[in-house]
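Taking it in order: structure first as structure tokens, then the write-up.
The values are calculated or read from the model by the stated rules, or taken from the named source; none is laboratory data. None of these values were measured; they are calculated from a predicted model. Ideal geometry is used to build each Cβ from the backbone, glycine not excepted, and the neighbour counts take in all protein chains shown. Note: accessible area is taken over every heavy atom of the protein model, side chains too, but ligands, DNA and RNA are not part of it. Shrake-Rupley method; radii C 1.70, N 1.55, O 1.52, S 1.80 Å.
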Amino acid sequence: MDIDSENLSRLKSLLESGPKKIAVLSHTNPDGDALGSSLAWADFLRTFGHTVECIVPNRYPYFLEWMPGISGIRVFKDDKNGETAKFISECEIIFCLDFNCIARLEGLSEPILANKKAKFVLIDHHLNPPAEYDIAFSYPECSSTSLLVYNLIERLSGVSAITKEMGEALFVGIMTDTGNFSFSNLSAELFETVASLVRLGVDIPHIHSMVYNSFTADRVKLLGYALCKMETLKTNGIGVAYITLKESELRKFNFQQGDSEGFVNYPLTIKWLSMSVIFIETRNFIRISFRSRGDVDVSKFAKMYFEGGGHRNASGGKSFKSMPETVAYFRKCVEEFFNDPANLND
């Protein structure tokens with residue numbers, strides 16, 4: 001990976017200019033890449049003598065609770081006495097990992113944006129970051145933020161600086177954000193990195209089992225229920241599937257944070273489908289996940305119609321309408337989007 005040498009030099013000077021108080025932040029509904037990259041990066045920063053805290057807006061999935069160091073992560077939503085906000089206000093450096101827009105961190109964005117003295121550093125692989133960072137490592141072509149963190153550590157201090165625990169965290173991020181090495185953004189460099197993690201002692205079969213074989217029975221039943229609700233349509237030769245889950249339906253299956261992770265990918269196992277969408281109702285809005293394969297650009301679709309974005313084949317968005325209104329609007333958007341030749345030839 002060709003990392004900008006000027007930014008790398010600026011980051012190195014910042015890290016070597018004496019012990020600092022540092023926050024490592026990641027996005028709402030943190031996934032394997034958000035947690036893996038944050039935990040490994042925080043451990044690396046501590047080798048410089050810094051005081052470092054990992055902070056996420058809300059709770060992480062229960063099937064990732066085994067990850068080394070995860071019990072030390074601060075969950076902003078659970079902070080009742082303001083200690084996390086106070087820590088953020090005192091930070092001299094704030095790292096933003098696996099997301100690129102601070103305003104989208106819901107309540108956590110307020111104490112972050114209130115800190116006017118900190119240096120803000122972006123480490124991310126999502127499209128179109130805003131120009132709000134002092135240093136930005138933004139590489140949309142990178143398959144995961146964890147792979148980017150590996151490369152940064154390697155360039156700053158060498159592979160020897162990566163411990164087995166850091167390697168385990170990074171592998172979780174790499175594995176989950178590549179769809180268990182099935183997405184299109186794979187490279188020889190990616191597999192060379194995995195090989196180096198194996199040499200550190202990372203047990204791939206064990207980690208795979210901990211991530212993908214640690215669900216509750218309710219989660220498996222919810223998956224079956226969701227797939228039975230799947231609807232499909234075809235517009236201009238493009239096959240689309242969508243699933244809706246209301247809050248009341250989630251409660252029937254004792255829904256826990258992370259239980260719907262990966263549901264949106266299942267419809268794409270159908271040969272003629274190119275796009276899959278899941279609508280999940282929350283208290284304040286409907287959270288939408290988009291997935292696609294081939295040339296279908298769901299990042300463009302999410303941005304055009306649902307205030308979202310992300311990657312070409314994996315994006316997110318929101319709707320503040322009711323579920324029936326959202327679905328009706330979505331079906332209309334699908335017709336419009338796939339009947340416009342400009343959206344099929346990007």
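General remarks:
- Only one entry in F171, F191 is in a helix (DSSP H, G or I), aromatic (F, W, Y) and open to solvent by 30 Å² or more (accessible area, probe 1.4 Å), namely F191.
- The stretch 174-188, subset assigned to a helix (DSSP H, G or I) and in contact (Cβ under 8 Å) with a residue 24 or more places away in the chain, residue nearest to the chain's Cα centre (by Cα): D177
- Those residues of the stretch 89-104 which are open to solvent by less than 40 Å² (accessible area, probe 1.4 Å), within 14 Å of G316 (Cα to Cα) and not acidic (D, E), in sequence order: F99, N100, C101
- Residue, nearest to Y150 (Cα to Cα), within the stretch 19-51, restricted to residues that are among the hydrophobic types (A, V, I, L, M, F, W, C) and open to solvent by 10 Å² or more (accessible area, probe 1.4 Å): L39
- Note on the stretch 272-303: among residues that are open to solvent by less than 40 Å² (accessible area, probe 1.4 Å) and part of a helix (DSSP H, G or I), the one that is farthest from T232 (Cα to Cα) is S299.
- Check on L113, modelled with pLDDT under 95, open to solvent by less than 20 Å² (accessible area, probe 1.4 Å), assigned to a helix (DSSP H, G or I) and of a type outside the set (D, E): no
- Residue that is without any contact (Cβ under 8 Å) to a residue 24 or more places away in the chain, open to solvent by less than 60 Å² (accessible area, probe 1.4 Å) and over 17 Å from N265 (Cα atoms), where the choices are S209, S214, S196: S209
- Look at the stretch 295-313: where a residue is closer than 17 Å to Y329 by Cα and touching a residue at least 60 places away in the same chain (Cβ under 8 Å), no partner that is open to solvent by less than 60 Å² (accessible area, probe 1.4 Å) and of a type in the set (F, W, Y) sits 6+ places away or on another chain with Cβ atoms under 8 Å.
Every residue, every condition in (1) touching a residue at least 24 places away in the same chain (Cβ under 8 Å); (2) within 19 Å of S89 (Cα to Cα); (3) of a type in the set (A, V, I, L, M), yes or no:
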| residue | (1), (2), (3) |
| --- | --- |
| V24 | yes, yes, yes |
| R46 | no, no, no |
| G49 | yes, no, no |
| C54 | yes, yes, no |
| R59 | yes, no, no |
| Y62 | yes, no, no |
| R74 | no, yes, no |
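- Checking L156 against (1) of a type in the set (A, V, I, L, M, F, W, C); (2) in contact (Cβ under 8 Å) with a residue 40 or more places away in the chain; (3) open to solvent by 40 Å² or more (accessible area, probe 1.4 Å), the condition it does not meet: (3)
- Filter result (open to solvent by 10 Å² or more (accessible area, probe 1.4 Å) and either touching a strand residue (DSSP E or B) at 6+ places or on another chain (Cβ under 7 Å) or within 19 Å of L200 (Cβ to Cβ) (or both)) within the stretch 55-66: N58, R59, W66
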